[in-house]
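Reviewing the structure listed below.
Read the figures in this text as sums done on the coordinates, not as results from a lab. This one's a predicted model, so the numbers in the text were calculated from it and none came from an experiment. Using ideal geometry, Cβ is built from the backbone for each residue, glycine included, and neighbour counts are taken over all protein chains shown.
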Amino acid sequence: MNVRFMTVTLVAFFMFFSLSFVLLGGDAQNPVKEKEGKKEKAIKVLEISGAVQTYVDALIEGIKQYPVPFEDKELYFKFATSDSIMDYFVPIYTEKYTEAELDAMIDFYSSPAGQSIVRKSFPVVMELRKASMQWGMQVSEKVKSEKARIAAEKDK
């Protein structure tokens, strides 16, 4: 599998997973949360939603499956941590979501339904990853076939 295809697949995977967080929410106000700053709320959402750990686990699982030298794998495992990805995710959440939206996500992910979704997130993401790879390979085959057809027509 080439690097370009893997990159496209990973981007599609992250876009789909991120979209799932945009579509979720609630509307309860909690005075305790109002005392927290927007950054702290974003961190809390990322932690209780399982988003951060799911991304870390997905990266680690990908590293395990691809031919990466053992010493490189060990380094990936060392540096691919929840804390290290927070520096990338928190600014996005604080920019894209209002405090009210973050509060709603905290309420949702603190609920039994939210926690059930958190528990299922990693297995679902892994299934989506497989499905998106199959889809990507199918699209690549169609592109390859169409390019061959076009080239054959030009040669006539």
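In what sequence do 57, 83 fall when counting other Cβ within 10 Å, fewest first?
Exposure proxy ranking, most exposed first: 83, 57.
Between 45, 65, 76, whose Cα lies farthest towards the positive end of the dipole of region 23-130 when Lys and Arg beta carbons carry +1 and Asp and Glu beta carbons carry -1, centred on the Cα centre?
65
Given 10 Å bins starting at zero, what is the percent of C-alpha pairs of region 61-104 in each, up to the one with the largest pair distance?
Result, from short to long distances: 23, 32, 23, 18, 4 percent.
Can you give the extra length, in nm with one decimal, that the chain gains between residue 146 and residue 115 once fully stretched, where that is 0.36 nm per residue apart less the Cα-Cα distance? Each step should come with its number before you reach the end.
On the way: separation 31, 0.36 × 31 = 11.16 nm, distance 4.54 nm.
Length difference between fully extended and current span is 6.6 nm.
Considering only lysines 8 or more places apart in sequence, or on different chains, count the pairs in region 23-130 whose C-alpha atoms sit under 22 Å apart.
16
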